[in-house]
Amino acid sequence: RKEVEQDPGPFNVPEGATVAFNCTYSNSASQSFFWYRQDCRKEPKLLMSVYSSGNEDGRFTAQLNRASQYISLLIRDSKLSDSATYLCVVRPAGKLIFGQGTTLQVKP
Amino acid sequence: GAVVSQHPSRVICKSGTSVKIECRSLDFQATTMFWYRQFPKQSLMLMATSNEGSKATYEQGVEKDKFLINHASLTLSTLTVTSAHPEDSSFYICSAGGSWNTEAFFGQGTRLTVV
């Protein structure tokens, strides 16, 4: 079993749609969680950290369920510029463990 | 601006040659840096943890004699792909910085093509 699992997609949605990505992780000792965004042939960039209480940043909402070892990302009012691969990232003891990534394609 | 600088961004080399990739932390010291590899349509896979002044820690399945890591200073780690073969063609990326609950910073990545 992979340490971090994501549905690779692709998710093809129209502009303005709401889309949700899910992620599960296997290491119960993981201490911190992130969503990164990666554009084609570029380095990953932090989208947002994920906190136990859930957190929101504009159109983006992240949730963490430690009991289920599950992380989610909700994107509201999708924009064309949101098209990218979204990486679920878990940090047990220093190093970052990446999920496979979920590809989002927002269409006009 | 970038806090981690990686060089070169792109390299094409002949099969059997060695390629060195540099990762520098800017404006901060990094006792630990991480090297990842990403094949097309796949996620970033951790290859090794580079430790300043000591040996790197390699992930299972990564050949330490093929992927030489040197972390001789607090701002520089290098990854050398020795005797490169076409199957080593990939996107190599380093990261540094952050703590257990904060983000890490990534270099711009190096796209290696072995012909």
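Using the Karplus curve 6.51 cos²θ - 1.76 cosθ + 1.60 with θ = phi - 60°, work out ³J(HN,Hα) for each residue of segment B:74-80 in order, rounded to whole Hz, and write x for Gly and Pro.
Per-residue couplings from phi come out as 6, 10, 9, 10, 10, 10, 10 Hz.
What is the percent carbon and sulfur in the accessible area of chain A, measuring with a 1.4 Å probe over the protein chains and ignoring ligands?
Answer for chain A: carbon and sulfur cover 48 percent of the accessible area.
Per residue, how much accessible area does chain B show when a 1.4 Å probe rolls over the protein heavy atoms, in square angstrom?
On a per-residue basis, 51 Å².
Would you mind computing, in nm to one decimal, how far apart the modelled labels at A:Q69 and B:S18 are, each placed 7 Å from Cα along Cα→Cβ?
Here the modelled spin labels are 4.0 nm apart.
Normalised by the number of residues in segment A:1-51, what is the relative contact order in percent for Cα pairs under 8 Å and 6+ residues apart?
30
Check each residue of segment A:44-60 and keep those whose accessible area, probe 1.4 Å, is at least 20 Å² smaller with all protein chains in place than in the chain alone; give them in order of residue number.
Correct list: A:P44, A:L46.
Per-residue HN-Hα couplings for segment A:95-108, Karplus 6.51 cos²θ - 1.76 cosθ + 1.60 at θ = phi - 60°, whole Hz, x for Gly and Pro?
7, 9, 10, 9, x, 5, x, 10, 8, 10, 10, 9, 10, x
Using Cα pairs under 8 angstrom and six or more residues apart, how large is the relative contact order of chain B, in percent?
36
With no other cysteine's Cβ closer than 4.7 Å, which Cys residues of the protein assembly as shown count as lacking a disulfide-compatible partner?
Lone cysteines by the Cβ rule: A:C40, B:C13.
Mind listing the long-range amide H neighbours of A:N12? Cut-off is under 5 Å, sequence gap 5 or more, other chains count too, H placed in the peptide plane at 1.01 Å from N.
For A:N12, the qualifying residues are A:Q105.
Which whole-number value in Å² is the accessible area per residue of segment A:1-104, probe 1.4 Å?
For segment A:1-104, the per-residue accessible area is 46 Å².
Can you give me the Cα centroid spacing of segment B:66-115 and segment B:15-35 in angstrom?
A separation of 5 Å, based on Cα centres.
Can you tell me the dipole magnitude for segment A:54-101 around its Cα centre, using point charges on the Cβ only (Lys, Arg +1; Asp, Glu -1), in Debye to the nearest 20?
For segment A:54-101, the charge dipole is close to 180 debye.
Give me a comma-separated list of calculated 3J(HN,Hα) values for segment B:22-29, in order, Karplus coefficients 6.51, -1.76, 1.60 applied at θ = phi - 60°, integers in Hz, x for any Gly or Pro.
For segment B:22-29, the Karplus-derived couplings read 10, 10, 10, 8, 9, 6, 8, 9 Hz, x marking Gly and Pro.
Counting only protein heavy atoms and using a 1.4 Å probe, what share of the accessible area of segment B:1-44 belongs to carbon plus sulfur, as a whole percent?
Of the solvent-accessible surface of segment B:1-44, carbon and sulfur hold 49 percent.
Hey, got the dipole for the protein assembly as shown? About the Cα centre, +1 on K and R Cβ, -1 on D and E Cβ, debye to the nearest 20?
I would put it at about 300 debye.
Out of residues 5 or more away from B:L76 or on other chains, whose amide H comes under 5 Å of its own, with H placed 1.01 Å from N in the peptide plane?
Result for B:L76 returns B:S25.
Name the chymotrypsin sites (Phe, Trp or Tyr not before Pro) in segment B:11-49 that are in a loop by DSSP and that have at most 16 other C-beta atoms within 10 Å, would you?
Qualifying residues, ordered by number: B:F28.
Mind putting a number on the dipole of chain B about its Cα centre? Charges go on the C-beta only, +1 for Lys and Arg and -1 for Asp and Glu, and I need it in Debye to the nearest 20.
My answer is approximately 280 debye.
Can you list the residues, at least 5 places off or on another chain, whose amide H is less than 5 Å from the amide H of A:S83, using H built in the peptide plane?
A:V106
In square angstrom and rounded to 100, what buried accessible area do you get between chains B and A, total over both, with the probe at 1.4 Å?
Rounded to the nearest hundred, the buried surface is 1700 Å².
The values are calculated or read from the model by the stated rules, or taken from the named source; none is laboratory data. If you're wondering where the values come from, they're calculated on a predicted model, not measured in any experiment. Please note: Cβ atoms are built from the backbone with ideal geometry, for glycine as well, and neighbour counts cover all protein chains shown. Accessible surface areas use protein heavy atoms only, side chains included; no ligands, DNA or RNA. Shrake-Rupley method; radii C 1.70, N 1.55, O 1.52, S 1.80 Å.
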